[in-house]
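Notes for the one structure printed next.
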Amino acid sequence: MITARHRRRHQQTADMNITAFMNLMVILVPFLLVTAVFSRVAILPLNLPATEADQTPPPGQALALEVTLRGERIEISNHGSAPVIVENTAGGYNLKVLAEVLKQVKVNYPEETNITLLLEPETRYDDLVQVMDAVRVARVIQGNKVVKAELFPDISIGDAPSPADDGQLG
């Protein structure tokens, strides 16, 4: 009879088969590297708005464009000046009129690229994205073609002042 001690000595150790794991790694690592590169394309860089002390424009810069999203309208102003008001349509914010006003501003200030979006707390994310698209680029007809023209791609986001403040400091 073979004793238990003798049986243990003749048992062979089982080797781990890691071929399937290595195949997974060979496929997974390049896939993750390739998709990581494309995830950066969908991100828009945003700036924080300046503090109250820094909000006065530098001497050579006369424009500090602000677009305030209210529940019932969009207000476009040059930091503290009387705003241009774009009333909502039945479908929401009137982005076509907003784009037209910003095109006129861009004609007067062709080198300016900064804009500040001021949002009320109840502003929907979808509305924010649509307004950001409207202030970044505009569709311009040149001859027979519709061309995208850059408006104000450097976007800062902040909280809108309450309507009672009307941009006046205390």
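For the range 92-107, taking the residues that are in contact (Cβ under 8 Å) with a residue 40 or more places away in the chain and over 20 Å from the mean Cα position of the chain (by Cα), the one that is farthest from Leu151 (Cα to Cα) is identified as Val105. Checked against the criterion of being in contact (Cβ under 8 Å) with a residue 12 or more places away in the chain and hydroxyl-bearing (Ser, Thr, Tyr), the candidates Thr89, Thr113 yield just one match: Thr113.
Looking at the range 7-24, can you tell me whether even one residue there is in contact with a Pro (Cβ under 9 Å, 6 or more places away or on another chain) and either at pLDDT below 85 or outside any helix (DSSP H, G or I) (or both)? There is no residue in the range 7-24 that is in contact with a Pro (Cβ under 9 Å, 6 or more places away or on another chain) and either at pLDDT below 85 or outside any helix (DSSP H, G or I) (or both).
For every residue, the table says whether it meets (1) touching a helix residue (DSSP H, G or I) at 6+ places or on another chain (Cβ under 7 Å); (2) surrounded by 11 or more Cβ atoms within 10 Å (Cβ to Cβ).
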| site | (1), (2) |
| --- | --- |
| Ile115 | yes, yes |
| Leu118 | no, yes |
| Pro121 | no, no |
| Val129 | no, yes |
| Val137 | no, yes |
| Val140 | no, yes |
| Lys145 | no, no |
| Ile155 | yes, yes |
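Of the set (1) at pLDDT 85 or above; (2) of a type outside the set (Lys, Arg); (3) in a loop (DSSP other than H, G, I, E, B), all apply to Gly60 but (1).
Let's see how each residue does on (1) part of a helix (DSSP H, G or I); (2) of a type outside the set (Gly, Ala, Ser); (3) touching a Pro at 6+ places or on another chain (Cβ under 8 Å); (4) at pLDDT 90 or above:
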residue	(1), (2), (3), (4)
Val37	yes, yes, no, no
Ala42	no, no, no, no
Pro49	no, yes, no, no
Thr56	no, yes, no, no
Ala82	no, no, no, no
Pro110	no, yes, no, no
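The values are calculated or read from the model by the stated rules, or taken from the named source; none is laboratory data. Please read these numbers as outputs of a predicted model, since none were measured by experiment. All Cβ positions, glycine included, derive from the backbone under ideal geometry; neighbour counts span all protein chains shown.
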